[in-house]
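Peer 1: After the structure tokens below, expect a handful of questions from me.
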Amino acid sequence: MVARQKDQARLVGKPPIMIGAEIEGVTAVRPGFDLDLPALTGWMETNVASFSGPLAIGQFEGGQSNPTYLLTTPGRRYVLRRKPSGQLLKGAHAIDREVRVVTALGAAGFPVAKIHGLCADDSVIGAWFYVMDHVEGRIFWDARLPEVDTIERAALYDSMNASLAALHAIDPAAIGLSDYGKPGNYFARQIARWSQQYLGDEAAGRDPAMDHLVEWLPANIPADDETSIVHGDARIDNIIFHPTEPRVLAVLDWELSTLGHPLADFTYNAMAYHMPPDIIAGLAGEDLGALGLPSEEAYVAAYCRRTGRVGIPDYRFYLAFNFFRLAAIFHGIKGRVLHGNASSAEALQRAENFPRLAQIGLGLTLSRSR
């Protein structure tokens with residue numbers, strides 16, 4: 001299932017992006033990723049009410065799981081996401097699920113990009129695709145937000161916090177998503193899935209800290225069993241903020257969304273407080289006060305206040321689970337490196353960082369209080 005994970009090339013060392021006149025991270029379409037311009041133009045003319053050509057196409061550097069393109073016309077911009085070419089794993093690259101959840105959330109008033117249409121006809125450009133609005137704003141790659149004034153940083157984090165609380169407050173059934181995933185037993189199912197993947201990849205080897213997590217996590221699942229819509233990859237670089245205000249305009253990349261436990265989603269976001277910034281954009285070891293960022297305690301308290309919680313007693317379990325999940329993903333990357341199926345510098349770096357993630361997860365199991 002690692003094939004379903006979104007492309008991780010954006011995690012480390014990327015500059016901030018301003019989605020506007022000059023768009024960083026957009027290049028000419030790479031070889032092998034070409035689109036049939038006349039066919040796409042015809043589809044746009046039929047299915048996108050606001051469309052008026054001619055159409056120019058660029059490609060975002062990330063989005064290799066589902067290749068992502070910038071469509072530019074004289075009057076406006078759109079974003080196209082498509083399934084990759086070739087043989088796909090069953091259930092992977094389900095862009096129709098992305099369309100479904102984003103459309104439902106948009107209708108409920110949650111900040112997402114407007115979807116203009118889904119094409120399930122492979123004959124148009126060679127694969128299923130959908131087209132959505134291009135939202136102009138700011139994406140931050142660095143969790144420390146070095147591009148903005150100190151006084152604005154806390155407000156940006158508070159806006160992100162509020163967006164997660166708002167997502168988790170939406171009743172899936174009320175917006176037609178009661179069958180968007182399996183309700184209940186989220187942690188048991190997730191731990192079993194990722195443990196099976198880790199234990200089944202003998203080439204990538206075993207790690208004592210990861211072995212401990214495989215045993216400890218299923219024995220310590222909290223009794224509460226909530227279900228909400230979860231994003232699945234809730235990081236700051238998956239959010240478009242207003243160009244000048246600390247306000248969320250759109251949450252991006254819903255490929256891993258499902259019905260799950262809201263505290264798994266929130267603590268995935270809060271992992272930044274324990275994440276070394278050289279692995280994935282994180283805040284571990286930073287002077288948060290000097291940066292003007294909220295402390296971990298304040299960030300958790302804000303989410304609890306918004307969601308009506310009196311603290312999160314098993315907070316460290318949820319963090320440990322998320323480090324275990326991410327470590328399992330990196331372990332899978334390590335296996336592909338060893339098998340010769342992944343040779344990029346990013347893949348090698350993640351393979352090397354697998355034990356560090358497992359060790360952080362192990363440390364979090366020593367205390368479950370918050």
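Quick grid of which residues meet (1) within 19 Å of ALA162 (Cβ to Cβ); (2) of a type in the set (Phe, Trp, Tyr):
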site	(1), (2)
TRP194	no, yes
ASP201	no, no
ALA219	no, no
HIS242	yes, no
GLU245	yes, no
LEU252	yes, no
LEU256	no, no
HIS261	no, no
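Peer 1: Here's another thing I want to ask about it. Does ALA127 meet the test of being assigned to a loop (DSSP other than H, G, I, E, B), in the same structural domain as THR46 (by TED's automatic domain parsing) and touching a residue at least 24 places away in the same chain (Cβ under 8 Å)?
Peer 2: yes
Peer 1: Would you mind stating whether TYR130 is among the hydroxyl-bearing types (Ser, Thr, Tyr), within 30 Å of SER50 (Cα to Cα) and buried (at least 18 other Cβ atoms within 10 Å of the Cβ)?
Peer 2: Spelling it out, TYR130 is indeed among the hydroxyl-bearing types (Ser, Thr, Tyr), within 30 Å of SER50 (Cα to Cα) and buried (at least 18 other Cβ atoms within 10 Å of the Cβ).
Peer 1: Within the stretch 303-311, can one find any residue that is of a type in the set (A, V, I, L, M, F, W, C) and surrounded by 20 or more Cβ atoms within 10 Å (Cβ to Cβ)?
Peer 2: no
Peer 1: Also, I was wondering about something else. So for the stretch 270-292 (the condition being hydrophobic (A, V, I, L, M, F, W, C), in contact with a Lys or Arg (Cβ under 7 Å, 6 or more places away or on another chain) and not in a loop (DSSP other than H, G, I, E, B)), does at least one residue qualify?
Peer 2: Within the stretch 270-292, one or more residues are hydrophobic (A, V, I, L, M, F, W, C), in contact with a Lys or Arg (Cβ under 7 Å, 6 or more places away or on another chain) and not in a loop (DSSP other than H, G, I, E, B).
Peer 1: Show the residue pairs meeting these rules: Cβ distance below 9 Å; 6+ apart or different chains; first residue within the stretch 285-310 and under 15 Å from ALA143 (Cβ atoms); second residue acidic (Asp, Glu).
Peer 2: That search, which allows pairs on different chains as well, returns LEU288/GLU296; GLY292/ASP149; GLY292/GLU152; LEU293/GLU286; PRO294/ASP158; TYR299/ASP158.
Peer 1: Can you find a residue in the stretch 23-31 that is at pLDDT below 90 and within 19 Å of GLU98 (Cβ to Cβ)?
Peer 2: No, because not a single residue in the stretch 23-31 is at pLDDT below 90 and within 19 Å of GLU98 (Cβ to Cβ).
Residue by residue, here is whether (1) among the β-branched types (Val, Ile, Thr); (2) modelled with pLDDT of 95 or more; (3) under 30 Å from ARG81 (Cα atoms) holds:
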{"position": "ASP211", "(1), (2), (3)": "no, yes, no"}
{"position": "LEU217", "(1), (2), (3)": "no, yes, no"}
{"position": "ASP224", "(1), (2), (3)": "no, no, no"}
{"position": "PHE241", "(1), (2), (3)": "no, yes, yes"}
{"position": "PRO246", "(1), (2), (3)": "no, yes, yes"}
{"position": "TRP254", "(1), (2), (3)": "no, no, yes"}
{"position": "PRO262", "(1), (2), (3)": "no, yes, yes"}
{"position": "ALA270", "(1), (2), (3)": "no, yes, yes"}
{"position": "MET275", "(1), (2), (3)": "no, yes, yes"}
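Peer 1: Run down ALA358, ALA290, ALA281 and say which single residue is closer than 23 Å to ASN238 by Cα and either in the same structural domain as GLN196 (by TED's automatic domain parsing) or surrounded by 18 or more Cβ atoms within 10 Å (Cβ to Cβ) (or both).
Peer 2: Answer to the check: ALA281.
The values are calculated or read from the model by the stated rules, or taken from the named source; none is laboratory data. From a predicted model like this one, the values you see are computed outputs, not experimental measurements. Neighbour counts run over all protein chains shown; Cβ positions are idealised from the backbone, glycine included.
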